[in-house]
Structures are given as structure tokens and as C-alpha cells.
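The values are calculated or read from the model by the stated rules, or taken from the named source; none is laboratory data. In this text the structure is predicted, and so the values were computed from the model without any measurement. Cβ sites come from the backbone with ideal geometry, for glycine too, and all protein chains shown count toward neighbours.
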Amino acid sequence: MEDIQEFIKKIEFEMDEIEPGTIQTRTNFRELEQWSSMMGLIFIALIDTEYNVTLNGNDLINCKTVLDLYEVVKNKAS
Amino acid sequence: MALTSIQNIKITAISACVPKASESNYDYDALSDSEKKLLVKTTGIENRRVARFGMCTSDLCFASAEQIIKKYNINRDEIDVLIFVSQTLDYFLPATSIILQDRLKLSKTTMAFDIVLGCSGYVYGLSVISSLMSNGNFKKGLLLVGDKSTFSLSKEDKSTYPLFGDAGTATYIEYDPTATPIDFNLQSDGAGFKAIMIPDGGTRSPWTKQTDKIIELEKGVKRNMRNLWLDGIEVFNFSIREAPINILALLDYNQTNIDDYNYVVFHQANLLMNECIRKKIKAPIEKVPYTLKDFGNTSSASIPLTMVVELGNKLAQKNNLILSAFGVGLSWGSVAIKNTKINCLPLIELD
């Protein structure tokens with residue numbers, strides 16, 4: 001799997017009106033101004049399309065930071 | 001495994017009816033401007049038709065059926081079977097199909113019954129009426145499919161209210177020994193029944209004083225136990241996981257591939273989700289019509305409504321079609337209809 005910086009770039013691309021560089025590995029994505037439950041669906045769709053990994057509701061609930069999310073995807077992809 | 005092929009069935013015509021009254025998600029106050037933008041981008045839904053108080057699914061289906069009967073000058077005594085597929089019935093009992101038999105002035109020799117399914121209802125209904133008519137004992141049938149989903153929505157629930165619209169449809173089916181067999185793949189998973197449900201009012205959990213108590217799950221998400229409860233993430237995951245597998249199994253069963261089809265019509269659930277499914281089955285976007293923008297998720301009516309509104313005259317020429325539906329139940333299925341010419345009648349708007 002690609003490195004976390006590429007992963008972050010893709011997430012930032014999906015989040016409209018976010019300044020590139022806003023998201024760091026330790027960013028709690030739920031605290032972002034742009035976050036909403038709808039973003040959860042966008043993340044799931046992105047991760048499904050890009051990495052062929054299906055995140056379930058619990059996966060998402062258990063993730064706080066972008067790094068947590070990256071680790072889940074990485075584990076499921078391998 | 002519910003993979004099956006049904007012979008001698010011709011889908012002659014489809015008619016659809018929506019309420020005239022329309023609501024725009026841009027006018028929905030429970031959402032902030034940025035939430036509205038994100039909702040439209042994600043779900044693709046801008047406008048929805050909403051049936052007024054007292055207008056039932058059966059009224060929308062009745063108008064659709066009348067249009068077909070008049071257009072084809074069908075002798076009402078010759079309709080052998082009428083099936084009504086809906087989760088928004090006129091009464092707890094009797095079955096709405098039977099009331100419609102009388103309202104449509106069909107003969108007392110007509111077989112009529114209801115099927116209670118939502119999102120998957122059109123594909124399931126088509127399989128049931130086709131099976132019944134395949135041996136030639138019944139020559140003409142009407143499949144009436146639709147929902148007044150807005151009936152059970154909480155206006156204060158921003159996670160469901162902006163998604164659904166109302167619609168009713170009618171499909172005219174005839175026995176035809178020259179027709180190409182129709183292939184179905186139907187599936188169910190009751191383990192996911194809580195993902196989309198109206199919790200109270202049935203015999204498992206009857207109405208009590210608690211039923212109308214408003215529960216606030218998060219800001220902007222208030223509902224009671226007679227409202228629709230929707231677990232968006234679970235439904236999303238289920239659909240993108242199962243719908244493509246179901247379609248690919250159907251193609252494997254009938255030894256065709258996606259390029260053999262002119263159109264793939266999905267249940268209109270949510271743009272992001274449908275697009276994920278479309279990409280997984282490698283269907284090009286120009287073959288996949290949408291009515292989400294102006295009608296929202298119209299439950300069981302969404303496939304025939306999309307055929308009428310978006311494909312219309314194109315279906316009058318010979319086509320190969322895939323229809324794929326997935327949702328509440330959980331229930332899902334797909335159908336491959338080959339060498340078919342379907343006459344789509346003009347969309348009706350009911351006041």
C-alpha cells in the first residue's frame with residue numbers, strides 16, 4: 001500500500017473547501033469543520049474504490065485519527 | 001440458490017405516476033448551506049415529490065394502471081393477475097391489491113395479492129408475476145409497484161428526510177411464447193433487518209405511549225419509533241458489497257457479459273453508492289440512468305420510474321437490460337431482460 005501522505009492527499013481531495021496540508025497524521029477527522037456523517041460515506045466509498053477495502057461502521061467508530069484509519073485500511077488490504 | 005430463468009414473458013408497457021407537489025432540499029432548513037451542498041454532491045438528490053395527506057401509493061399506482069388500460073384498450077375482464085408491491089399499504093388489512101381489483105373494475109376472476117418489499121420490490125415482483133404467467137394459464141397481468149415513503153419520515157431527521165420521494169408505477173405483462181427467457185438472481189439476508197426499519201406498530205413491538213416519544217440521536221436527528229430508522233453506513237456497505245456480486249453471478253449464470261447490455265438500471269438509492277456499484281461491474285456511465293436529482297429515492301418504484309423518465313422512447317427499440325435492486329430487508333436481486341421492446345408511457349403527475 002502507498003504511504004500515508006498519498007492517503008491523506010486523497011482524503012483532502014474528497015473534502016471540499018479544505019486547504020491542502022490541513023490534515024496531518026494525528027488529525028482527529030471528526031473535529032474538522034468539514035466533517036459530517038455524510039463524510040463517513042465518502043470515506044467508505046473512497047477506500048472501497050481506491051483500495052478495494054470495505055470499512056464497516058465499527059471500523060469507522062474505532063478510528064479517531066487519520067493514522068488510525070490508514071492502519072485499518074492497510075491491515076485489511078494486506 | 002435463487003437463480004432462475006423464466007420463459008414466455010413479455011414486458012409490454014410501463015407507466016409511472018408521481019405527486020405534483022415537489023420539495024427542494026435547498027429549502028430544507030434542518031441542513032446548513034454546506035450540509036446541503038455535501039448532501040447533493042453525495043446523494044445526488046435535489047428535489048423530491050411528496051404526496052399530500054390522504055394520497056396513497058395505491059392512488060399513484062391506480063393512475064398508472066388506468067393509463068396502460070386505456071392506451072392498450074385492454075378488456076378489463078382479461079386481466080388474470082394483479083400484484084401490488086409496496087411497504088405503504090392502504091390499510092393493515094385487507095390487502096391493497098384486492099381494493100385495486102375493484103377500483104380498476106377488473107373481473108372477480110382476477111387473482112390479486114400484495115407483496116411487502118421495498119427497494120428490491122420491482123425485481124422481486126417481476127419474478128413472481130413472471131413465474132405465475134409463464135405456463136400460459138394467465139395471459140395478461142398488472143404489476144403495480146410503489147411507495148409513499150414520506151409517510152413515515154421525521155421532518156426533524158436530516159439523515160433520512162431529504163432522501164425519499166413518493167411514486168407509483170404499473171407494468172403490463174403478457175404471455176408470449178416467442179419471448180426470450182428472463183433471468184433472475186434473488187437474495188435475502190435477514191441478519192441485517194435492523195439496518196432499515198420502522199420499529200413500532202407491528203405485532204413484535206406494538207404501539208405504546210412510548211412510540212411517539214421523540215428521540216434525539218444527534219443534532220438534527222430526531223425521530224420516534226413509528227418513523228423510518230436508517231443506518232446509512234450499514235446500508236451503504238451492504239449495497240456496495242452485495243449488489244455487484246449479485247449482478248456478476250447473474251451474468252455468469254446466463255453466460256453474458258456487461259457489454260451485451262444496452263442499459264443497467266439501478267434502484268435509485270444514493271449517487272455515491274450507485275456509482276461505486278456501477279464501477280465494480282464496469283458498466284459505462286452512459287448506460288446507467290439516474291432519476292435521483294429530481295425524484296430522490298423512490299423505493300420500489302425507482303427502477304420503473306427511471307425507465308419511464310430517463311429511457312422512455314429508447315426502450316421501444318429492441319434492447320438488452322439489467323435491472324438491479326438492493327435495500328430494506330435486507331433484500332436484493334437483479335434481472336436480465338434480453339431482446340425486449342418496452343413501451344414507456346408519459347409520466348403522470350397527480351394533484
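See the values below:
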{"read-out": "Of all residues making up region B:2-35, the number that are of a type in the set (S, T, N, Q), at pLDDT 95 or above and farther than 19 Å from B:ASN270 by Cβ", "value": "7"}
{"read-out": "Residues of region B:41-67 satisfying the condition of being at pLDDT 95 or above and within 14 Å of chain A (Cβ to nearest Cβ)", "value": "B:THR43, B:GLY44, B:ILE45"}
{"read-out": "Matching entry among B:LEU305, B:LEU292, B:LEU321, B:LEU345 (being farther than 25 Å from B:LYS41 by Cβ and surrounded by 21 or more Cβ atoms within 10 Å (Cβ to Cβ))", "value": "B:LEU321"}
{"read-out": "Failed condition for A:VAL72, given (1) farther than 23 Å from B:ASP231 by Cβ; (2) of a type outside the set (Ser, Thr, Tyr); (3) more than 13 Å from chain B (Cβ to nearest Cβ)", "value": "(1)"}
{"read-out": "Qualifying positions in region B:219-278 - among the aliphatic types (A, V, I, L, M), under 30 Å from B:THR208 (Cα atoms), touching a strand residue (DSSP E or B) at 6+ places or on another chain (Cβ under 9 Å) and within 14 Å of chain A (Cβ to nearest Cβ)", "value": "B:VAL221, B:LEU230, B:VAL235"}
{"read-out": "Every residue from region B:157-185 that is over 30 Å from A:MET38 (Cβ atoms), in contact with a strand residue (DSSP E or B) (Cβ under 6 Å, 6 or more places away or on another chain) and of a type in the set (Phe, Trp, Tyr)", "value": "B:TYR172, B:PHE184"}
{"read-out": "Check on B:VAL235, aliphatic (A, V, I, L, M), crowded, with 17+ Cβ neighbours inside 10 Å and over 18 Å from B:ALA325 (Cβ atoms)", "value": "no"}
{"read-out": "Positions within region B:324-342 being surrounded by fewer than 20 Cβ atoms within 10 Å (Cβ to Cβ) and in contact with a helix residue (DSSP H, G or I) (Cβ under 7 Å, 6 or more places away or on another chain), in sequence order", "value": "B:LYS341"}
{"read-out": "Failed condition for B:LEU38, given (1) within 14 Å of chain A (Cβ to nearest Cβ); (2) farther than 27 Å from B:ASP351 by Cα; (3) at pLDDT 95 or above", "value": "(3)"}
{"read-out": "A:LEU32 being within 13 Å of chain B (Cβ to nearest Cβ) and over 14 Å from A:ALA77 (Cβ atoms)", "value": "yes"}
{"read-out": "Scope region B:97-118; condition closer than 15 Å to B:PHE326 by Cα and touching a helix residue (DSSP H, G or I) at 6+ places or on another chain (Cβ under 6 Å); matching residues", "value": "B:LEU117, B:GLY118"}
{"read-out": "Subset of region B:19-35 [within 14 Å of chain A (Cβ to nearest Cβ), more than 22 Å from B:ASN274 (Cβ to Cβ) and assigned to a helix (DSSP H, G or I)]", "value": "B:ASP33, B:SER34"}
{"read-out": "Residues satisfying the stated conditions in region A:21-34, i.e. within 11 Å of the chain's Cα centre (by Cα) and either of a type in the set (A, V, I, L, M) or within 21 Å of B:LEU272 (Cβ to Cβ) (or both)", "value": "A:ILE23, A:PHE29, A:ARG30"}
{"read-out": "Residue that is modelled with the lowest pLDDT [pool: residues in region A:1-13 that are under 23 Å from A:SER78 (Cβ atoms) and not β-branched (Val, Ile, Thr)]", "value": "A:MET1"}
{"read-out": "Counted residues, region B:279-295 - those being β-branched (Val, Ile, Thr) and either more than 20 Å from the chain's Cα centre (by Cα) or within 14 Å of chain A (Cβ to nearest Cβ) (or both)", "value": "2"}
{"read-out": "Every pair of residues 6+ apart whose Cβ atoms lie under 6 Å, when the first sits in region A:28-40 and is in contact (Cβ under 8 Å) with a residue 12 or more places away in the chain while the second is outside any loop (DSSP other than H, G, I, E, B) and surrounded by fewer than 18 Cβ atoms within 10 Å (Cβ to Cβ)", "value": "A:ASN28/A:THR65"}
{"read-out": "Selection within region A:60-75 - closer than 17 Å to A:SER36 by Cβ and surrounded by 14 or more Cβ atoms within 10 Å (Cβ to Cβ)", "value": "A:LEU60, A:CYS63, A:LYS64, A:VAL66, A:LEU69"}
{"read-out": "Tabulated pairs, region B:302-326, first in contact (Cβ under 8 Å) with a residue 12 or more places away in the chain and within 9 Å of B:VAL265 (Cα to Cα), second among the polar types (S, T, N, Q) and surrounded by fewer than 19 Cβ atoms within 10 Å (Cβ to Cβ), C-beta under 9 angstrom, 6+ apart or interchain", "value": "B:LEU321/B:ASN262"}
{"read-out": "Strands (runs of 3 or more DSSP E) within region B:83-175 that include 1 or more residues in contact with a Pro (Cβ under 6 Å, 6 or more places away or on another chain) and crowded, with 23+ Cβ neighbours inside 10 Å", "value": "B:167-175"}
{"read-out": "Selected residue [over 12 Å from the mean Cα position of the chain (by Cα), surrounded by 15 or more Cβ atoms within 10 Å (Cβ to Cβ) and touching a residue at least 12 places away in the same chain (Cβ under 8 Å)] from A:ILE47, A:ILE18", "value": "A:ILE18"}
{"read-out": "Leading residue by the ranking (surrounded by the fewest Cβ atoms within 10 Å (Cβ to Cβ)) among those in region B:239-278 that are touching a helix residue (DSSP H, G or I) at 6+ places or on another chain (Cβ under 8 Å) and over 28 Å from B:ALA16 (Cα atoms)", "value": "B:ASN257"}
